[in-house]
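The values are calculated or read from the model by the stated rules, or taken from the named source; none is laboratory data. For clarity, every value in this text was computed on a predicted model and none was experimentally measured. Cβ sites come from the backbone with ideal geometry, for glycine too, and all protein chains shown count toward neighbours. All accessible areas refer to the heavy atoms of the entire protein, side chains included, with ligands and DNA or RNA removed. Shrake-Rupley method; radii C 1.70, N 1.55, O 1.52, S 1.80 Å.
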Amino acid sequence: MPRWGVTWIRSDISRYGGVLALFAAIIGAALTLVYIQVPFETAVQREILRSTLTTVFFILSIFAGIAAWFIVLMQGSRRAAEEETRRQTELLMQEIEAHQRTDAKLQEAKEKAEAASKAKSRYVVGLSHELRTPLNAVVGYAQILERDSTIPARRLDAIRTVRRNAEYLSGLIDGLLDISKIEAGRFHLNRDEVWLRDFLNQLVSMFRLQANAKGVTFRFEPSDRLPQCVYTDENRLRQILINLLSNAVKFTDSGHVAMRIGYRNQVAVFEIEDTGIGIPACDLGRIFQPFERSEHSAARARAGTGLGLTITRMLAETMGGEIKVRSEVGRGSTFQVRLMLSDVVRPRDAAPVEDRVRGYAGPRQTIMVTDDDPIHRRLVCELLEPLGFNVITAPDGASCLALADEQRPNLVLLDVSMPGMDGWTVARRLRRMPRERPAIIILSALAMDHERLPDCDDLHDAYLTKPINLRQLLDKIHSLLGIEWIVESDGVPPPEPSETVPDEKTASPPLAPADVERLIRLGEIGHVRGITSALDEIERNEPHSAALVAKLRNIVYSFNLDRFLVVLDAQRRDHAS
Ligand code: ADP
């Protein structure tokens with residue numbers, strides 16, 4: 001058919017004509033049938049019926065015309081609706097395709113971001129481990145020097161500052177780790193029992209010094225209702241308060257810095273108020289963003305990274321709390337932190353020893369330190385030996401297990417990351433020991449717990465992070481070994497703990513003179529591996545001298561070759577006499 005013909009047939013008017021013609025044909029056919037079926041007597045009757053049926057036909061045709069028009073209209077609107085639906089479906093399909101493409105791109109971007117974030121976390125964790133190891137030595141030696149009575153008092157302040165700054169640095173490392181952990185969605189909050197007064201006093205004494213050095217008074221106004229001991233994450237709470245207090249001291253040149261603490265219905269409200277430079281109203285929302293600092297020229301002049309408040313807010317919110325600030329330029333600022341600190345009714349650990357521990361009563365306890373870092377092993381020896389503990393050291397997991405079997409320590413301090421066997425594996429083997437098993441404290445340079453194993457809770461009795469906090473370590477030793485401290489304030493010199501390990505000079509048979517000479521030679525050239533294999537050989541050939549060999553092995557493992565030579569020298573003198 002020509003195109004115009006198709007167009008004409010599809011037009012509404014031709015459809016209408018078609019439908020009407022159809023209706024008319026049906027009506028006409030029905031009426032004709034009636035006309036044919038009726039028998040007529042006369043021609044007049046036939047004529048009457050014909051004219052009646054013709055009239056009926058025209059009347060019905062009018063109704064048929066209306067009905068046909070309705071039908072054509074309905075068809076038209078149905079077609080229009082179908083057309084619209086088809087168009088909408090097409091649009092939707094296009095949109096779905098576009099979404100699928102965007103989704104795929106987003107997924108790809110997310111995977112890339114996750115990979116980058118994981119790489120960053122690994123980098124931050126690795127870096128923090130590297131930083132913590134030397135820091136551990138700084139904090140530890142500062143702690144030792146602080147306890148050294150031969151150091152003049154005027155030097156002690158410097159040592160304290162070294163320790164505090166190193167501790168602060170280690171706190172910063174924790175902060176960076178925390179940011180990376182929060183970003184990576186991995187953040188473990190500890191539930192420590194914190195002796196609040198003692199904890200706050202430590203902070204106050206640290207900041208009072210700093211404030212006074214600037215000619216600023218420091219006020220500490222704790223509520224009387226403050227509980228003795230509360231549950232919270234000690235490190236995170238310390239970090240929040242240190243950040244706020246150091247800002248208050250930093251931005252205040254005269255007047256005062258005050259720390260007020262209220263406590264009600266298990267909620268503590270810490271208010272850190274200063275009379276410093278203040279923060280312009282326009283900056284109040286900004287300062288919590290990373291690396292944002294106030295535009296105030298006096299604030300710009302002071303050193304800072306702009307990370308402190310970001311970490312503080314992240315920490316407070318992760319702990320279920322909130323932080324608010326009020327400030328007026330030139331008059332000062334008040335930061336308010338609200339945190340839930342639930343009261344510990346029956347604390348697990350004993351209250352911290354207020355005075356300096358000088359020893360302990362009761363039988364001598366053996367503590368084994370396992371760490372691949374010789375500095376750390378020496379550090380722990382120097383911390384614990386003066387208190388009367390018999391400290392033995394092992395540089396790796398294998399020697400730890402061998403020594404533990406032989407010496408049966410009461411407590412084992414275990415580093416987590418060691419070459420060969422890691423700390424958790426060693427802990428698992430120690431737990432399986434048939435005889436009386438030692439208590440285990442895990443010491444890790446990582447504040448993160450990502451390397452913890454599912455069963456790790458059964459594998460250790462305590463978990464401490466490096467740098468070692470001496471007080472925390474002593475608290476744990478105290479509760480795990482069940483010993484009584486002898487403290488300086490008792491006014492009596494600490495009695496030597498009763499010796500249960502037999503002294504090699506009196507109890508164990510001496511070494512053969514040739515062995516002594518050989519060991520001295522190896523000791524003088526510092527050939528540690530040679531010494532350990534010589535000791536293994538002596539132990540095999542002369543099993544009766546095992547106790548002395550074990551003692552020498554310990555000394556060698558702690559790289560204390562001077563002491564090793566002293567012991568051998570005593571043996572040589574014994575032979576000579
Ligand atoms: P930083 O102190 O290292 O710059 P923060 O995140 O701790 O980083 O603080 C961000 C900014 O908020 C600071 O640079 C300072 O402008 C402002 N600020 C914070 N605390 C105070 C305060 N107590 N008094 C005045 N300004 C403050």
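One table, with the values for the structure above:
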read-out: Within the accessible area of the chain (1.4 Å probe), percent carbon and sulfur; value: 57
read-out: Euclidean distance between Cα centres, region 42-105 to region 373-408, Å; value: 97
read-out: Taking all pairs of distinct alpha-carbon atoms in region 1-156, Kirkwood radius in angstrom; value: 25.9
read-out: Helix 308-318 axis, angle to the chain major axis (alpha carbon atoms, nearest 10°); value: 70
read-out: Contact order relative to length of the chain, as percent, for alpha carbon pairs under 8 angstrom and 6 or more apart; value: 10
read-out: Tail weight of P(r) past 21 Å, computed on alpha-carbon pairs of region 189-343, percent; value: 42
read-out: Tilt relative to the chain, helix 43-147 - C-alpha long axis, 0 to 90 degrees, to 10; value: 10
read-out: Cβ-placed point charges (K, R +1; D, E -1), dipole of the chain about Cα centre in debye, nearest 20; value: 1840
read-out: Calculated from backbone phi, Karplus (6.51, -1.76, 1.60) coupling profile of region 375-381 in Hz, x at Gly/Pro; value: 5, 5, 4, 5, 4, 5, 4
read-out: Cα long-axis angle, helix 528-541 against the chain (0 to 90 degrees, to the nearest 10); value: 70
read-out: Spherically averaged projected area of region 355-475 from its Cα convex hull (nm²); value: 7.5
read-out: Solvent exposure of the chain as accessible area per residue, Å², 1.4 Å probe; value: 54
read-out: Largest-first ordering by accessible area, 1.4 Å probe, given options Phe23, Phe207; value: Phe23, Phe207
read-out: Dipole magnitude of region 231-290 about its Cα centre (Cβ charges: Lys, Arg +1; Asp, Glu -1), debye to nearest 20; value: 140
read-out: Two-decimal ratio, the chain, of alpha-carbon radius of gyration to 2.2 N^0.38 Å; value: 1.79
read-out: Histogram of C-alpha separations across region 504-576, 5 Å bin width, %; value: 3, 18, 33, 30, 14, 2
read-out: Helical contribution to [θ] at 222 nm, DSSP H n ≥ 4, -39,500 (n - 2.57), averaged over the chain, rounded to 500; value: -19000 deg cm²/dmol
read-out: Cα-based Lys pair tally, the chain, threshold under 24 Å, eight or more apart or on separate chains; value: 17
